[in-house]
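To start, the structure itself, in structure tokens.
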Amino acid sequence: PTTKNLLAVDFNPSRSRGYAVGEGGVILRFTPNVADSSGVWVLDASPTTKSLSSVWIGTTSMWIGGEKGTLLSRTPTGSVWKVTKPLTNATIVGIDGVRTDGAVSALCDDGLLLRNQWGTFVIDFPLNQPLKAFTLNPTFLKSGRLVGPGGVGVMLGYELVANFDVSTTADLNTIVMVEENIAFAFGAGGACVKGSTIDYKKWRNCTLPQPEDVYAAAVVMEGPLRLPFPAPVANLQQRTAANEWLTVAQYPVVLESMNYRLSGEDVYIIDFSSFKTIGTYRFSIDGVGNSFSFQIAPSALDVVAYHTCRMLYYQRSGMPHGLQVPFAEARFSRPIDHEFNTSVGGRRIDGAYHWSIANSSLYDGESICPLKTKVCPAETTRDVSGGWFDAGDYGKYMSTAVAAVWRLLVTVEIMKAHNLPISDSMNIPESGDGVPDTLNEAKWSIDWMMKMQKADGGVFNKVAAEVWEWGPPATSDLGGQSIRFILPRTTCDTATAGAVFAAASRLWAPYNATFASILLNRAYRAKRFLQNHPLNSPAGGFVNPPGHISGPYYDIDDTDNRAWLAAELYRTTCITSYGEEYVQFIRNASNVVAQGGNDFTDYRLEALWAFYYSKSCPNEPASFGKVRSTILTSMKNTMNGQVSMTMGNTYHNVGRTDVPEWIGWGSFTLTAAHFYGVLCWHIFNDDSNLDWLTLSLDTVLGANPLSMSFITGLGHKYPMDPLQGQSRTDNVVEPIPGYAVMGPYGHVSFKSSYFATAQGQKANYPFLTQLTSPFPVLRRWADSNLLPQYNEGVIGPMSWQCSVFQILAANSAVKATATK
């Protein structure tokens with residue numbers, strides 16, 4: 001909307017705001033049109049008639065510069081450009097800085113540099129030569145590149161100034177940084193040069209389509225694909241018996257979010273929920289391409305449930321004879337590992353008492369195996385074989401095992417309550433014994449927990465090697481030793497193990513009354529131990545002793561752990577004193593938490609769940625009913641928040657994406673909130689909870705910026721190099737199926753050389769050195785077993801995935817039968 005020459009242009013990173021400026025003080029404002037992903041330019045009120053030749057758009061401030069030192073400023077929410085008192089008569093030809101915090105510098109055509117200090121520009125220092133444009137390193141504002149008439153190039157580094165060869169004699173009018181150390185400069189006659197911003201290497205020429213004078217350039221983050229408006233229809237195509245694709249329906253493609261800030265892409269939605277015909281399908285969009293094929297069927301999730309549940313079998317440690325056919329695929333079979341074999345020549349790997357036990361407040365006279373001892377004396381050892389490997393490493397940790405087992409127990413409980421079929425044919429060694437395989441898989445870990453409990457009821461924290469183990473499970477390097485160590489007992493672990501024993505005794509009663517009785521006895525032992533040790537021990541919680549580097553799952557407070565045990569004992573025995581203990585705990589309103597912190601330190605959800613479903617206990621105090629009402633309100637409030645988060649999120653994912661710093665360790669793909677959806681479905685008996693849950697699960701199964709499943713072996717594209725002990729070392733190209741990895745991570749530390757490689761300049765475009773770098777956060781993932789933040793799995797998420805997908809698959813099958 002102007003005939004005046006425009007001399008500078010800039011956009012904010014999301015392209016939601018842009019300005020162009022030029023001769024006569026003209027200012028144009030860019031307003032995006034979300035409907036068709038384009039936009040319009042409109043005239044903005046200008047307080048000056050002087051020519052404007054530079055503009056910079058930040059998130060907290062905006063600046064325009066021009067002739068005779070003209071400086072205009074405005075906040076993003078302001079409506080008027082304010083004039084700043086000039087510091088020079090020279091023309092301000094460039095403005096650059098850090099867009100997120102308003103740290104800005106300005107360049108004058110005579111080489112004078114100005115710096116914005118607390119909202120006011122001051123003179124920085126003179127370069128004493130004519131210049132036309134500059135760009136600064138966003139991390140180090142006193143370093144950058146400046147260009148000017150006759151192909152002049154100036155390198156700036158902490159007030160060190162040096163000329164460099166830009167490979168042209170043309171006048172250079174503008175320069176932009178497209179990566180952290182790569183810049184382009186443009187000028188008269190279509191001059192284009194490209195070079196480094198961090199060294200003196202000669203720049204090289206580049207070519208523009210037209211040899212016209214270039215006065216301004218800006219870097220705009222665009223999505224990889226932008227559809228025309230109106231968007232073309234999506235053709236739903238079915239695969240025929242002749243293996244051809246036949247269009248059976250058409251659906252509109254609706255723009256959900258333009259250039260989504262965390263993924264650098266436009267996100268579109270195709271809603272075909274009403275289509276129910278069983279078959280294999282794909283979507284085809286003219287001029288765009290075809291989607292991966294997918295199934296519509298009541299059994300569509302069966303394969304997901306099967307493999308995610310069987311992944312726990314592949315995490316088993318100490319299996320007699322190892323994992324063998326027919327229960328393990330031949331390519332994934334392996335010999336016994338980490339066993340405790342007292343036979344002559346047998347290996348007693350799991351485990352021996354660690355030296356730190358003798359320093360523990362709960363020391364019970366255990367004989368200690370000295371470090372660096374190849375073979376520990378028998379009296380220093382204890383059979384703690386069995387259980388699950390925690391994650392990609394081979395450690396076995398009580399804090400993560402109890403949460404995983406609890407989910408499996410609750411899954412059996414919920415499926416029974418809804419009359420859903422529970423598989424006894426998951427092809428594990430216990431299959432076909434009349435006990436649900438989910439319960440049998442939980443028992444494998446429970447048996448290990450029982451080994452970790454001493455006769456007085458106290459429970460050890462974990463079993464692990466002194467250093468991280470490498471190599472296959474059966475022959476892993478134990479750091480020069482031949483045994484792994486048992487770490488001290490804690491009241492936190494005693495309480496949570498006791499809670500699992502009490503809960504498991506209820507679930508096992510219909511199948512094995514003797515085992516159920518043993519479990520309840522173990523829960524009583526734990527309770528007596530805690531009564532004899534009323535203080536949190538060790539004080540402040542367990543921490544790894546010096547020199548020991550296994551998984552640091554630190555729980556600093558045992559209050560919620562004890563409350564969980566009390567609630568489970570009350571539900572199992574209906575002894576009122578246990579219920580009163582839980583009610584005392586929940587009198588602190590902060591303990592009525594339906595979805596708390598880390599599942600290896602926060603057990604308030606487990607506790608409230610146990611107490612809520614103790615309502616069948618007779619003759620209980622009236623106050624107990626009031627507590628249950630409070631619990632129900634807390635559950636509903638949390639559920640409403642998660643539904644709102646799911647429906648308001650661009651990817652309809654229950655994980656929080658509003659704070660980039662919180663994206664990591666599976667928060668985008670493996671959030672435990674998915675299991676909470678199952679709990680809400682059960683407690684409120686409302687199928688809508690399965691609707692938002694299923695929608696949210698699309699992310700881990702493929703509806704994400706990387707267009708891949710984050711569960712190995714499932715889908716068309718999935719991780720091939722996960723950090724999982726066996727898959728990392730078995731020389732089999734395919735990973736074990738059913739292993740869910742962490743997925744995108746906002747920003748990992750450069751302390752490790754692996755992370756420096758993954759997030760370094762050569763591996764990413766645009767550059768990635770910090771959380772605020774332009775490389776999209778939800779694309780920050782690498783398929784490497786060397787990167788746990790990206791590619792490791794943990795038994796906690798494994799358990800909820802087994803639970804959630806098993807319930808969804810069974811419920812889908814039941815609904816289909818009812819429909820027929």
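Of all residues in the range 460-482, count the ones that are touching a Lys or Arg at 6+ places or on another chain (Cβ under 6 Å) and over 26 Å from I428 (Cα atoms). Residues that pass the stated criteria total 3. Whenever a residue of the range 663-687 is in contact (Cβ under 8 Å) with a residue 12 or more places away in the chain, its partners that are among the basic types (K, R) and crowded, with 21+ Cβ neighbours inside 10 Å, lying with C-beta atoms within less than 7 angstrom and at least six residues away or across chains, give the pairs F675/R407. Listed by first and then second residue, the pairs with beta-carbon distance under 7 Å, at least 6 apart or on different chains, first residue in the range 247-264 and in contact (Cβ under 8 Å) with a residue 60 or more places away in the chain and within 30 Å of G279 (Cα to Cα), second open to solvent by 40 Å² or more (accessible area, probe 1.4 Å) and part of a strand (DSSP E or B), are L255/Y268; E256/Y268; E256/I269.
Yes/no per residue for (1) more than 16 Å from the chain's Cα centre (by Cα); (2) farther than 30 Å from S634 by Cα; (3) of a type in the set (A, V, I, L, M):
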{"site": "F684", "(1), (2), (3)": "yes, no, no"}
{"site": "D691", "(1), (2), (3)": "yes, no, no"}
{"site": "L695", "(1), (2), (3)": "yes, no, yes"}
{"site": "L701", "(1), (2), (3)": "no, no, yes"}
{"site": "L706", "(1), (2), (3)": "no, yes, yes"}
{"site": "G713", "(1), (2), (3)": "yes, yes, no"}
{"site": "H716", "(1), (2), (3)": "yes, yes, no"}
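Exactly one residue among S577, S590 is modelled with pLDDT under 95 and open to solvent by 60 Å² or more (accessible area, probe 1.4 Å), and that residue is S590. Identify the residue in the range 341-367 that is part of a strand (DSSP E or B) and not aromatic (F, W, Y) and, among all such residues, is farthest from the chain's Cα centre (by Cα). In this case the residue turns out to be R348.
One residue alone among L706, L632 is surrounded by fewer than 18 Cβ atoms within 10 Å (Cβ to Cβ), out of contact with any strand residue (DSSP E or B) (no Cβ under 8 Å at 6 or more places or on another chain), outside any helix (DSSP H, G or I) and not small (G, A, S), and that residue is L706.
If you go through the range 45-68 and keep only what is open to solvent by 30 Å² or more (accessible area, probe 1.4 Å), of a type outside the set (S, T, N, Q) and in a loop (DSSP other than H, G, I, E, B), you end up with A45, P47, K50.
If the condition is being open to solvent by 90 Å² or more (accessible area, probe 1.4 Å) and at pLDDT 90 or above, then the range 69-83 contributes V80, K82, V83.
All told, Y363 falls short of being of a type in the set (F, W, Y) and open to solvent by less than 40 Å² (accessible area, probe 1.4 Å). Among the residues making up the range 229-272, those that are within 28 Å of the chain's Cα centre (by Cα) and open to solvent by 70 Å² or more (accessible area, probe 1.4 Å) are V254, E256, R261, D271. Scanning the range 373-413 for residues being more than 38 Å from the chain's Cα centre (by Cα), surrounded by fewer than 20 Cβ atoms within 10 Å (Cβ to Cβ) and in a loop (DSSP other than H, G, I, E, B) gives a total of 4.
Scanning the range 263-287 for residues that are over 30 Å from A813 (Cβ atoms) and in contact with a Ser or Thr (Cβ under 6 Å, 6 or more places away or on another chain) yields a single hit, V267.
Being closer than 30 Å to G541 by Cβ, touching a helix residue (DSSP H, G or I) at 6+ places or on another chain (Cβ under 8 Å) and open to solvent by 50 Å² or more (accessible area, probe 1.4 Å) is the requirement here; does Y353 meet it?
no
Scanning for something basic (K, R), free of Cβ contacts under 8 Å to residues at least 24 places away in the same chain and assigned to a helix (DSSP H, G or I), does the range 414-433 turn up at least one residue? Within the range 414-433, one or more residues are basic (K, R), free of Cβ contacts under 8 Å to residues at least 24 places away in the same chain and assigned to a helix (DSSP H, G or I).
Of A756, A782, all but one fail to be open to solvent by 20 Å² or more (accessible area, probe 1.4 Å), at pLDDT below 90 and more than 29 Å from R334 (Cα to Cα); the exception is A756.
Output the residues belonging to the range 660-691 that are within 22 Å of G746 (Cβ to Cβ) and open to solvent by less than 50 Å² (accessible area, probe 1.4 Å). Residues satisfying the conditions are P660, I663, G664, G666, S667, F668, T669, L670, T671, A672, A673, H674.
The set of residues in the range 526-550 that are touching a helix residue (DSSP H, G or I) at 6+ places or on another chain (Cβ under 8 Å), closer than 22 Å to T400 by Cβ and not polar (S, T, N, Q) comprises A526, F529, L530, G541, F542, P545, H548. With respect to the numbered conditions (1) assigned to a helix (DSSP H, G or I); (2) open to solvent by less than 10 Å² (accessible area, probe 1.4 Å), which one is the sole condition not fulfilled by F485? Unmet for F485, out of (1) assigned to a helix (DSSP H, G or I); (2) open to solvent by less than 10 Å² (accessible area, probe 1.4 Å): (1). I'd like to check something: does the range 30-44 contain any residue that is modelled with pLDDT of 90 or more, open to solvent by 20 Å² or more (accessible area, probe 1.4 Å) and closer than 30 Å to N128 by Cα? So far as the range 30-44 goes, no, none of its residues is modelled with pLDDT of 90 or more, open to solvent by 20 Å² or more (accessible area, probe 1.4 Å) and closer than 30 Å to N128 by Cα. List the number of the failed condition for T694; all other conditions in (1) in contact with a helix residue (DSSP H, G or I) (Cβ under 7 Å, 6 or more places away or on another chain); (2) surrounded by 20 or more Cβ atoms within 10 Å (Cβ to Cβ); (3) assigned to a helix (DSSP H, G or I) hold. T694 satisfies every listed condition except (2). Would you tally the residues in the range 507-552 being among the hydroxyl-bearing types (S, T, Y) and open to solvent by 50 Å² or more (accessible area, probe 1.4 Å)? Within the range 507-552, residues that are among the hydroxyl-bearing types (S, T, Y) and open to solvent by 50 Å² or more (accessible area, probe 1.4 Å) number 4. In the range 495-514, how many are without any contact (Cβ under 8 Å) to a residue 40 or more places away in the chain and in a helix (DSSP H, G or I)? Of the residues in that region, 2 qualify.
The values are calculated or read from the model by the stated rules, or taken from the named source; none is laboratory data. From a predicted model like this one, the values you see are computed outputs, not experimental measurements. Here Cβ is always computed from backbone atoms with ideal geometry, including for glycine, and neighbour counts include all displayed protein chains. Note: areas computed on protein heavy atoms with side chains; ligands, DNA, RNA excluded. Shrake-Rupley method; radii C 1.70, N 1.55, O 1.52, S 1.80 Å.
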